[in-house]
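Here, each number is a calculation from the coordinates, and none is a lab measurement. Bear in mind that the values here come from a model prediction, so they are computed numbers and not experimental data. Reconstructed Cβ throughout: ideal geometry from the backbone, glycine too, with neighbour counts over all protein chains shown.
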Amino acid sequence: MAGNKAVFFDRDGTLMEEVHYCNDPANVRAFPVAAAALEKLRAAGWLNVIITNQSGIASGKISLQEYQTVEAELSRQLCRLVDAVYFCPDSPAAPTHRRKPGTGMIKEAVRDLGIDPARSWMVGDKGIDIECGRAAGCRTILVKTGYGTKHAGSAPDHFAEDIGQAAEIILANG
């Protein structure tokens, strides 16, 4: 029997507006189409999983408690349609296998949620998101929100204007 299918999402610039080291829930602004996109995916049987690097924790620019309050606010704005969140506080100067483009967070979700990466997608706005998804065996979509227009050379399987269009691509391509 095949495992669950999932969509792995980068957080900042993909599901919510890019805020450099967001540490205040008042600055969280989910993209207007994000909740509807997640709802469509869930209705079609997809798990919605956030995979996010949060190096601001390691550098002291954001505390773990601030990260958690920001994440809670995003969850509220996304109508609690996210099934799991994996974050990596590693500094880019001292990354572990968990920090994207490493696949550790995806591997943890695969283990925890019974996900089949070959049936899954990674959606993000940076080359490291595409590289991570590809290395984990997922299909990939680069959204043009956030930093997406600066990472067009990352060779994703698909490009999308935003998370809404990414959901449509996923639904059309299984």
TODO: Please report, to one decimal in angstroms, the Kirkwood hydrodynamic radius of region 29-174 built from all distinct Cα-Cα pairs.
DONE: 15.6
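DSSP beta bridges in region 6-173, what fraction antiparallel, as a percent rounded to 5? Don't skip to the answer; put the middle values down first.
Numbers: 1 of 21 bridges.
Restricted to region 6-173, the bridges split so that about 5 percent are antiparallel.
Could you tell me the relative contact order of the chain? Use alpha-carbon pairs under 8 Å, at least six residues apart, and round to a whole percent. Don't skip to the answer; put the middle values down first.
Details: 349 pairs, mean separation 45.4, N = 174.
Computed value for the chain: 26 percent relative contact order.
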Task: Inter-label distance for N173 and D116, nm, one decimal - labels placed 7 Å from Cα along Cα-to-Cβ - done: 1.8
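In region 92-144, what is the volume of the convex hull around the alpha carbon atoms, normalised per residue and reported in Å³? All intermediate terms of the calculation are to be shown ahead of the outcome.
Working: hull volume 3.4 nm³, N = 53.
Residue-normalised Cα hull volume stands at 65 Å³.
Rank-order 17-25, 30-38, 57-65, 146-154 by packing density, defined as the average count of other C-beta atoms within 10 Å over each peptide's residues, highest first.
Working: 17-25: 15.4, 30-38: 19.4, 57-65: 13.6, 146-154: 17.0.
In decreasing order of mean packing, 17-25, 30-38, 57-65, 146-154 become 30-38, 146-154, 17-25, 57-65.
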Task: Among Q77, Q54, Q68, residue whose mean-square fluctuation peaks in a GNM of the chain (springs only between Cα atoms under 10 Å) - done: Q68
Task: Label-point gap, in nm, between R80 and D24 - each point 7 angstrom along Cα→Cβ - done: 2.8
Task: A36/T149 FRET efficiency (R0 22 Å; Cβ-Cβ; nearest 0.05) - done: 0.45
- [ ] Pop the C-beta distance of A135 and A93 into the FRET formula with R0 = 22 Å and round what comes out to the nearest 0.05.
- [x] 0.55
